[in-house]
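Reading through the structure tokens given below for one structure.
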């Protein structure tokens with residue numbers, strides 16, 4: 001009876017351990033550029049006494065055609081309850097841009113085989129303009145510079161500043177001597193409002209017939225750049241450096257849901273065209289163009305000044321007042337003092353460098 005009980009216990013324990021063994025496969029990044037590396041982790045939870053055999057690959061051996069294994073590294077970690085996690089980390093790379101299927105990997109635990117799930121790896125490339133090879137030059141030889149620019153840069157730029165200040169000082173002196181005004185006329189600067197700029201660019205898109213062009217990427221790039229510039233000037237945040245989702249999130253509090261949905265759909269289509277080579281139809285292009293125009297018309301601010309005056313012209317009587325002459329003298333004196341200080345500092349610095 002004892003032997004039978006012991007045999008039953010061993011069989012039950014073996015079945016329990018077998019049921020608790022699992023193999024998990026995960027990859028750090030499912031999308032890399034050509035030549036970049038990523039890590040595939042194959043993990044199983046076992047008891048310390050169990051024997052685990054992971055798939056082994058030699059350096060540069062293919063895990064699947066087109067995907068190389070650079071190295072393998074086994075790791076262990078205690079997870080409690082008498083079990084430990086054993087992990088094999090495979091460093092992968094690829095030099096062909098395509099979508100790879102990574103087949104299930106088989107792990108042996110005490111001679112019994114367990115398979116992981118299959119994975120996918122997308123390898124991207126960067127377009128290179130090979131038609132303009134004359135713009136690329138080979139490396140130059142190492143130059144033996146007699147001095148370090150970092151030591152001479154400060155006195156050089158201070159000398160340039162001193163010359164500019166001296167020229168300004170001389171100009172103000174001539175103005176003071178001849179009693180000529182510094183500002184001779186009124187300048188009125190006219191500027192376009194953000195929505196006016198955006199509508200001009202959209203009219204240019206129409207004039208260029210980009211809506212019906214086969215080059216959807218150029219059309220959506222121009223259209224989204226126009227919207228980003230408008231949003232940046234209209235709402236005051238750097239939309240040109242933000243992703244489409246970040247722009248929509250910033251606009252959520254200030255726009256109605258319908259306008260945001262149309263804008264989100266436009267940006268999503270543009271992203272698909274630019275990054276996933278998605279082909280659009282002419283009616284889809286027309287719809288997105290109308291959505292862009294509607295968004296601009298719904299959010300534009302028209303009650304803004306379009307002209308800016310730059311300092312009114314001074315009269316001849318005002319030019320000759322004692323206050324103006326005193327101000328010019330004060331400015332000339334300050335510039336002279338600054339130039340004298342700069343000259344002394346530059347001269348001292350050059351003396352230290354030359355000695």
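With respect to residue 214, is the statement that it is at negative phi and modelled with pLDDT of 80 or more true?
For residue 214, the condition - at negative phi and modelled with pLDDT of 80 or more - is not met.
Could we say that residue 208 is in contact with a helix residue (DSSP H, G or I) (Cβ under 9 Å, 6 or more places away or on another chain) and modelled with pLDDT under 80 here?
yes
The values are calculated or read from the model by the stated rules, or taken from the named source; none is laboratory data. What you see is a predicted model; the values in this text were computed from it and never measured. Cβ coordinates were reconstructed from backbone atoms using ideal geometry, including for glycine residues, and neighbour counts include every protein chain displayed.
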